[in-house]
1. Any idea how many residues of the stretch 91-113 are within 14 Å of Leu19 (Cα to Cα) and not polar (S, T, N, Q)?
2. If you take the residues in the stretch 5-61 that are hydrophobic (A, V, I, L, M, F, W, C) and surrounded by fewer than 14 Cβ atoms within 10 Å (Cβ to Cβ), which one is farthest from the chain's Cα centre (by Cα)?
3. For the stretch 48-70, which positions are under 18 Å from Ala23 (Cα atoms) and modelled with pLDDT of 95 or more?
4. Which of the numbered conditions does Thr67 fail, given that it passes all the others? Conditions: (1) under 11 Å from the mean Cα position of the chain (by Cα); (2) open to solvent by less than 60 Å² (accessible area, probe 1.4 Å); (3) over 18 Å from Gly107 (Cα atoms).
5. Return yes when Gly14 is on the phi > 0 side of the Ramachandran plot, assigned to a loop (DSSP other than H, G, I, E, B) and without any contact (Cβ under 8 Å) to a residue 12 or more places away in the chain and no when it is not.
6. Cβ-Cβ distance below 6 Å, separation of 6 or more or different chains: which pairs start in the stretch 64-90 with a residue that is farther than 14 Å from Ala5 by Cα and of a type in the set (A, V, I, L, M) and end on one that is open to solvent by 10 Å² or more (accessible area, probe 1.4 Å) and assigned to a loop (DSSP other than H, G, I, E, B)?
7. Modelled with pLDDT of 95 or more and open to solvent by 40 Å² or more (accessible area, probe 1.4 Å) - does that describe any residue in the stretch 93-103?
Amino acid sequence: VQLPASGGGLVQPGGSLRLSCAASGTRLSFKLMAWYRQAPGKQRELVANIITSGSTNYADSVKGRFTISRDNPKNTVYLQMNNLKPEDTAVYHCAAALRSLDPVYWGQGTLVTVSS
């Protein structure tokens, strides 16, 4: 299973980005798809996750600013990020699991830099 993330880049504070992750290597639908991030010198943290039914979960720091969504037939997960802040700067990783609610598969990530 491959989980290549795309859509990262440099954006000014208050700006927006949309991350995408199109899973490949399986025709099965993932029960869980998620976004994690790791900032320099910090531990990896959950940003948001979404299960097959569409139920979502967000880190408190991104609630009201980020929206996770998925396209089940395409095994693709998105992260719409609005009102970005410098503290959102990190490498964002896509993660997924076929049957559990804990990630099993991880992608290499895409860098998001929020700076003026």
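1. Residues flagged as within 14 Å of Leu19 (Cα to Cα) and not polar (S, T, N, Q) within the stretch 91-113 amount to 9.
2. Here the answer is Leu28.
3. Of everything in the stretch 48-70, those that are under 18 Å from Ala23 (Cα atoms) and modelled with pLDDT of 95 or more turn out to be Ala48, Asn49, Ile50, Ile51, Ile68, Ser69, Arg70.
4. Thr67 satisfies all of (1) under 11 Å from the mean Cα position of the chain (by Cα); (2) open to solvent by less than 60 Å² (accessible area, probe 1.4 Å); (3) over 18 Å from Gly107 (Cα atoms) except (2).
5. Against the criterion (on the phi > 0 side of the Ramachandran plot, assigned to a loop (DSSP other than H, G, I, E, B) and without any contact (Cβ under 8 Å) to a residue 12 or more places away in the chain), Gly14 does not qualify.
6. Leu84/Gly15
7. no
The values are calculated or read from the model by the stated rules, or taken from the named source; none is laboratory data. Computed from a predicted structure; not experimentally measured. As a convention, Cβ positions derive from the backbone with ideal geometry for all residues, glycine included, and neighbour counts pool all protein chains shown. What goes into the accessible areas is simple: the full protein's heavy atoms, side chains included, and nothing from ligands, DNA or RNA. Shrake-Rupley method; radii C 1.70, N 1.55, O 1.52, S 1.80 Å.
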